[in-house]
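Before any comments, here is the structure.
The values are calculated or read from the model by the stated rules, or taken from the named source; none is laboratory data. Keep in mind the model is a prediction, meaning the values are calculated, not measured. Here Cβ is always computed from backbone atoms with ideal geometry, including for glycine, and neighbour counts include all displayed protein chains. Only protein heavy atoms, including side chains, enter the accessible area calculation; ligands, DNA and RNA are left aside. Shrake-Rupley method; radii C 1.70, N 1.55, O 1.52, S 1.80 Å.
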Amino acid sequence: MDKIIVRGGHALRGTIPISGAKNATLPALAATLLTGDRIHLSNIPHLKDVTTMLELLGQHGSAITVDERLGVEINNSGVNNFRAPYDLVRTMRASILVMGPLVARHGMAEISLPGGCAIGSRPVNLHIEGLRKMGAEITLDEGYIRARANRLHGATIYLDPVTVTGTENLMMAAALADGRTILENAAREPEVSDLAIFLNKMGARIQGAGTSTLIIDGVEELHGTQHRIIPDRIETATFMVAAAVTHGDITLTDADPETLETPIQKLRDAGVIVEFPEPDRIRILAPDPLKPVDLETSPYPGFPTDLQAQMLVLNSLAQGVSRIAETVFENRFMHVSELQRLGADIRIHGNIAEVHGVDHLLGAPVMATDLRASASLVLAGLAARGATVISRVYHIDRGYERIEEKLHALGADIQRTSA
Ligand code: EPZ
C-alpha cells in the first residue's frame, strides 16, 4: 500500500494547474448513456474514481477511447448490459449515477446498493423515490436496486434533503421522460449546472440550472456532442488552504473563482490575501498569522462539506478559538483524531468541532479515512514540523490528480513510497 511522506515547514511558492472536476466528470460520463451517438469529453482528470466509472461504462458495453491529452470519446450504441455490479459500486458510490440514464433510455437497470461509507450511511432513497414518481417499478432484493419502466413520465419531485447526485440522476432520467419534470429544492452545485449545460448540448430541454427549481421537458432522444469538464473547485480550494497554512504565495491556473465565493470569503476572513490576476487564475498569499474562522457546511452556495476537513487544519494553526459545524453528513469528523495525533487541539461536541489554535503541529504517522480527510492530513503535514507519514493514500488518489507532483512543484518536501 502506498504511503505519502511530507516534511513540513516549506512555504509553498509557484504556479500549478487545476484539473477537471471529479464531481462534474462522473455525472457527465454517466450521461453519455443517454444517447447512442458519439460523445467527446475533454479536461477529464486522471483519477481512480474516473477510471472506475469508465470501467463501469465498459462493462455496460460502451466503446471508450481515452486520449491522455485530449480526453475521452465514448460511443454507447452497443450498450447491452444494464447491471452495475457490487464489486464496482462498493468502490465508488457515484456509480448510482448510471441508474437514471439506463432506465430512461433502456427501460431497465440493476444497480448494486452502494452501501454506507466512512462519512455516513449515504442512503439513496431520494434517487429511488424520484424514479418511482416518474413511473419506474423498483424492487430492492439481494442488495440490488432493480428498476423497470416502459417509458418514464414527467413528475413534480421535492428533494429533501438537497442531494447532489440525486438531483443529477433524476435530471438525466427526466431528459428522456414523456412530459415535464420539476425538481424542487434541487442541488445548485456548479457540477449540477455543468451537467444541465452538457445535457442541453445533447438536445435536452432543461431550465433553471443553478437555481433550486429545475424544469426538464423530456425529448424523444438525445444526440452526440462534445463538452469540456469544468475546473475542480474542491481541488482549487484545497491548494488555497495549502498556501495559507504554509504562509506561501501560489498561483492556480485553469481555475474558476466564481464557484468559490464562500470559501474565498472565509479565507480572506482568516487573513489570507486572494487575488485574481486573470479570470481563470487565483493567487493566494498568506504572509500574516492566520485568524480563526467559524463556519457551517451547507449545500451550495453555502460552505462546501468537502472543504470542512481542510478548514479544520487552517483553524488548528490560527491564533484563537473557532467552531466548524458539519450539517451535511453525520460522521465526517474521522480526520479529527488523526489531526489530534499531529498536535491539533480539536474538541467535538455533536456536529460541531471546537478548534483551539496551536503554535505548530508535529509530524507523525497518520491514516487516511476518506477522500477529503486524507487531503487535510497532507495539508497538516505541509505545515507540521518534522515528517508526517500518511497511510491508505488510495483515498487521496480517488479525488486528487498527482497531488504529490503538484505540491512538489510548489516546493513541498513530499514523496510517495510503495511500501
Ligand atoms: C455529492 O455526494 C458529492 N459526490 C460528495 O463529494 C459531496 O460531499 C456531496 O455531494 C455533498 O456536497 C459526487 O458528486 C460524486 P448528497 P452525494 O446526495 O450526492 C442525504 C467527494 O469528496 N441523502 O448531496 O452522494 C445524504 O445522506 C464526495 O468528492 C439522503 O438522505 O451527496 C447526505 O446527508 C464526498 N437520501 C445529504 O443528503 C438520498 O437519496 C447530501 O448528500 C441522497 C442523499
Tally time: how many residues in the range 352-368 are under 24 Å from the mean Cα position of the chain (by Cα) and buried (at least 23 other Cβ atoms within 10 Å of the Cβ)?
3
Given (1) at pLDDT 95 or above; (2) touching a helix residue (DSSP H, G or I) at 6+ places or on another chain (Cβ under 9 Å); (3) crowded, with 24+ Cβ neighbours inside 10 Å, number of the condition residue 373 does not satisfy
(1)
Unique residue being more than 19 Å from residue 39 (Cβ to Cβ) and surrounded by fewer than 23 Cβ atoms within 10 Å (Cβ to Cβ) when the list is 184, 189
184
The range 79-168: strands (runs of 3 or more DSSP E) wholly inside it with 3 or more residues that are open to solvent by 70 Å² or more (accessible area, probe 1.4 Å) are 137-141
Step by step: first the residues of the range 329-348, then only those that are in a strand (DSSP E or B) and within 22 Å of residue 246 (Cβ to Cβ), then the one that is nearest to the ligand (Cβ to nearest atom). Which residue is that?
346
Take the residues in the range 384-409 that are of a type in the set (A, V, I, L, M) and either surrounded by fewer than 24 Cβ atoms within 10 Å (Cβ to Cβ) or within 27 Å of residue 329 (Cα to Cα) (or both), then tell me which one is farthest from the ligand (Cβ to nearest atom).
387
Might you check whether a residue that is part of a loop (DSSP other than H, G, I, E, B), under 23 Å from the mean Cα position of the chain (by Cα) and farther than 17 Å from residue 234 by Cβ occurs anywhere in the range 393-412?
yes
I'm trying to understand the selection: among the residues of the range 57-78, which are of a type in the set (Ser, Thr, Tyr) and open to solvent by 30 Å² or more (accessible area, probe 1.4 Å)?
65, 77
Which listed residue, of 145, 119, 96, is within 16 Å of the ligand (Cβ to nearest atom), free of Cβ contacts under 8 Å to residues at least 60 places away in the same chain and of a type in the set (A, V, I, L, M)
145
Is it the case that residue 77 is under 18 Å from the mean Cα position of the chain (by Cα) and either touching a residue at least 12 places away in the same chain (Cβ under 8 Å) or within 28 Å of residue 48 (Cα to Cα) (or both)?
no
I need the helices (runs of 4 or more DSSP H) fully contained in the range 233-328, keeping only those with at least 1 residues that are of a type in the set (Phe, Trp, Tyr).
233-245
State all residues of the range 235-280 that are crowded, with 19+ Cβ neighbours inside 10 Å and closer than 30 Å to residue 63 by Cα; if no residue qualifies, say none.
235
What is the residue count in the range 21-56 for residues that are part of a helix (DSSP H, G or I), open to solvent by less than 10 Å² (accessible area, probe 1.4 Å) and not polar (S, T, N, Q)?
13
Counting only residues that are open to solvent by 20 Å² or more (accessible area, probe 1.4 Å), within 19 Å of residue 104 (Cα to Cα) and in contact (Cβ under 8 Å) with a residue 12 or more places away in the chain, the range 192-205 contains a total of 4
Would you check which residues across the range 122-142 are near the ligand (Cβ under 10 Å from one of its atoms) and over 18 Å from residue 31 (Cα atoms) and list them?
122, 123, 124, 125, 126, 129
Which of the numbered conditions does residue 35 fail, given that it passes all the others? Conditions: (1) more than 18 Å from residue 227 (Cβ to Cβ); (2) away from the ligand (no atom under 13 Å from the Cβ).
(1)
Across the range 160-215, the tally of residues that are away from the ligand (no atom under 16 Å from the Cβ), among the polar types (S, T, N, Q) and under 23 Å from residue 147 (Cβ atoms) stands at 1
Taking the criterion of being within 16 Å of the ligand (Cβ to nearest atom) and within 26 Å of residue 346 (Cα to Cα), would at least one residue in the range 277-296 satisfy it?
yes
